[in-house]
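To start, the structure itself, in structure tokens.
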Amino acid sequence: MPSPSVPATTRAGLPIEVRRSARRKRTVNAVFRDGVAVVSIPAHFTKKQEAEWVQRMVDKLETRTAAAPAAADPAAGGSGLEERAAELSRRYLNGAARPVSVRWVANQNSRWGSATPARGTIRLSDKLIGMPGWVVDYVLLHELAHLLEPSHGPRFWRLLESYPHTETAKAYLSGAAYASARGLKGDMAEG
């Protein structure tokens, strides 16, 4: 019986890149990065294990991405994000924040989002894609608040008080940043 082959593309037609790592002993990780499904596996995996794990992780990645809100779909362009921003502004900021543009960017490596109040623009890191919707909403709301108050002073934080997930989202993002800075990736499971 021939050994299973590693798929070249996802169901959506995005290319799949497999990265073998000698440092990886047991964990497998999959992320969408710049339009590519990147699957990282231990170098010692057999071709059969590689095919099995790549398919499993790509399926999981696509399912997780499909379950994310429309705002977390980079292929949707700015329209999904702009609609989400308008809804968050209405719900939590009395509609006062009105961005000119809201878009995903791939070049933010040290911030989850950024706003330019003078231009009314908001940019969200594509590293947020696949995170829970309430986390993406928090980052978007945070940047909307910056359109009204550029600093992180008391007035800024008062603008976010009505969002029920502020503290939990901040903790989630802090944990994600901690893990990323230390090269920790993939699903965390008991050893």
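Number of residues in region 8-17 that are modelled with pLDDT of 80 or more and either within 11 Å of residue 55 (Cβ to Cβ) or not in a strand (DSSP E or B) (or both) equals 2. Of the strands (runs of 3 or more DSSP E) contained entirely in region 96-191, those carrying at least 1 residues that are open to solvent by 40 Å² or more (accessible area, probe 1.4 Å) fall at 101-105, 121-125.
The residue that is farthest from residue 145 (Cα to Cα), among those in region 82-95 that are surrounded by fewer than 16 Cβ atoms within 10 Å (Cβ to Cβ) and of a type in the set (D, E, K, R), is 83. Taken over region 76-129, the criterion of being farther than 23 Å from residue 159 by Cα and aliphatic (A, V, I, L, M) is satisfied by 76, 105, 106, 129. Scoring residue 60 on the criteria (1) modelled with pLDDT of 85 or more; (2) out of contact with any Lys or Arg (no Cβ under 9 Å at 6 or more places or on another chain) leaves a single failure, condition (1). Taking region 18-48 as the range and being out of contact with any Phe, Trp or Tyr (no Cβ under 8 Å at 6 or more places or on another chain) and in a strand (DSSP E or B) as the test, the residues that pass are 18, 19, 21, 29, 30, 31, 32, 33, 36, 37, 40, 42.
Scan region 35-56 and give yes if some residue there is at negative phi and modelled with pLDDT under 80, otherwise no. Break it down into steps so the answer makes sense when it comes.
Going through region 35-56, the residues at negative phi turn out to be 36-56.
Filter once more, keeping what is modelled with pLDDT under 80: 36-37.
Scanning region 35-56, I find at least one residue that is at negative phi and modelled with pLDDT under 80, so the answer is yes.
Evaluated against (1) out of contact with any helix residue (DSSP H, G or I) (no Cβ under 8 Å at 6 or more places or on another chain); (2) within 30 Å of residue 24 (Cβ to Cβ), residue 142 falls short on exactly one condition, (2).
Residue count for region 67-100 under the criterion of being under 14 Å from the mean Cα position of the chain (by Cα) and either at pLDDT 50 or above or of a type in the set (Asp, Glu) (or both): the result is 2.
The values are calculated or read from the model by the stated rules, or taken from the named source; none is laboratory data. None of the values given here were measured: they were computed from a predicted structure. Glycine gets a Cβ as well: all are built from the backbone with ideal geometry, and neighbour counts include every protein chain shown. What goes into the accessible areas is simple: the full protein's heavy atoms, side chains included, and nothing from ligands, DNA or RNA. Shrake-Rupley method; radii C 1.70, N 1.55, O 1.52, S 1.80 Å.
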